[in-house]
Amino acid sequence: LLARCLDSVYPVTQDLEVLVVDNCSADGSAEMVRRRFPRVQLIANRENLGFARASNQGIRQSRGQYILLLNSDTEVYPGALDVLVRFMDEHPRAGGCGPMLLNPDGSLQPSCHPMLTPERELWRLLFLDRLFRRATYAQERWNPDIPHPVDVIKGACFLLRRSALDQVGLLDETYFMYTEEMDLCYRLLEAGWQLWWVPQAAVLHRGEASSRQMAEAMYVQLYRSKVQFHRKFGGGWRAARFKGLLQVAYWPRLAVAIPGGLVSPALAAQAHTYRRLLAELPRM
């Protein structure tokens, strides 16, 4: 996946620097980069430092006016980076922007969303977004030729202005994985910067290729990071309210998944994940 990503970047980045931060992978990725992409600046960590710390390593070593966070399971379509950079040049109050993300089958992938609140999370988990959009954006209805202001940009492909980062700081390294880009977006918006979805730029994203290797642990980690976000920006009371609403949503899910797991291995796996989440939630 990383090789495909770098192959898609290099034809259009002859004058840009490319940095790869390898978080102690065991599949030969670092060796592949050294062999096939000698121009890449490789940072090979001896342990998995998490997404935020690793990304900050690359940001600190980079020199450009703009910094692109790009997941290894992406492929950049021709011209996409030029479109994003040109948009930032033309919109000096834009602290960051993101492209239209596409699934491997060419369908639209959600690439931005409203800022997380406890109520929006409950709304989403109760599937009420199907009746009225509150926790997600109706991106499929947006004009694909017009950029759109948004609250949060997905970190799979996120172009950032260095001067904005100089003002609000880098990714919060207390997050191990997930929600760190939402934390950054929150700080950018609070500081008066704008965030934009720019659909004229397209990037393929296979999605969760790394976290899928440890699906249950990463599912719990996702909510640990969300609780951390609410505690950081709303205090202990908001974090407690968020955890309470998660219990409202997940106890019924567990009650359905347990009997269903007797006939469906997939539901049995879900029941195990929900049980673990509910057990660990009070300690988050």
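Of note:
- Selected residue (criterion: surrounded by the fewest Cβ atoms within 10 Å (Cβ to Cβ)) from residues of segment 227-284 that are under 19 Å from MET182 (Cβ atoms), aliphatic (A, V, I, L, M) and touching a Lys or Arg at 6+ places or on another chain (Cβ under 8 Å): MET284
- Matching residues, segment 153-165, being of a type outside the set (Val, Ile, Thr) and either over 20 Å from LEU101 (Cα atoms) or open to solvent by less than 50 Å² (accessible area, probe 1.4 Å) (or both): GLY155, ALA156, CYS157, PHE158, LEU159, LEU160, ARG161, ARG162, SER163, ALA164, LEU165
- Close contacts from segment 183-209, counting a first residue that is farther than 14 Å from TYR77 by Cβ and a second that is assigned to a strand (DSSP E or B) and of a type in the set (Phe, Trp, Tyr), with Cβ to Cβ under 9 Å and a gap of 6+ residues or different chains, come to LEU184/PHE158; CYS185/PHE158.
- The set of residues in segment 166-181 being on the phi < 0 side of the Ramachandran plot and either surrounded by fewer than 21 Cβ atoms within 10 Å (Cβ to Cβ) or among the acidic types (Asp, Glu) (or both) consists of ASP166, GLN167, VAL168, LEU170, ASP172, GLU173, THR174, PHE176, MET177, GLU180, GLU181.
- Of the numbered criteria (1) touching a Gly at 6+ places or on another chain (Cβ under 9 Å); (2) farther than 30 Å from ALA80 by Cα, the one GLY261 fails is (1).
- Residue under evaluation LEU246, criteria (1) modelled with pLDDT of 95 or more; (2) under 30 Å from PHE87 (Cα atoms); (3) hydrophobic (A, V, I, L, M, F, W, C), criterion not met: (2)
- Cross-chain or 6+ apart pairs with Cβ under 6 Å, segment 77-90 first and over 18 Å from ILE146 (Cβ atoms), then of a type in the set (A, V, I, L, M, F, W, C): TYR77/ALA202; LEU81/VAL12
- Identity of the residue in segment 245-272, of a type in the set (Gly, Ala, Ser) and touching a residue at least 24 places away in the same chain (Cβ under 8 Å), that ends up nearest to ALA217 (Cα to Cα): ALA269
- GLY28 meets each of the listed conditions (1) in contact (Cβ under 8 Å) with a residue 40 or more places away in the chain; (2) open to solvent by less than 50 Å² (accessible area, probe 1.4 Å) apart from (1).
The values are calculated or read from the model by the stated rules, or taken from the named source; none is laboratory data. Being a predicted model, the structure only gives us computed values, none of them experimental. Cβ coordinates were reconstructed from backbone atoms using ideal geometry, including for glycine residues, and neighbour counts include every protein chain displayed. Heads up: the accessible areas ignore ligands, DNA and RNA and are worked out on the full protein's heavy atoms, side chains in. Shrake-Rupley method; radii C 1.70, N 1.55, O 1.52, S 1.80 Å.
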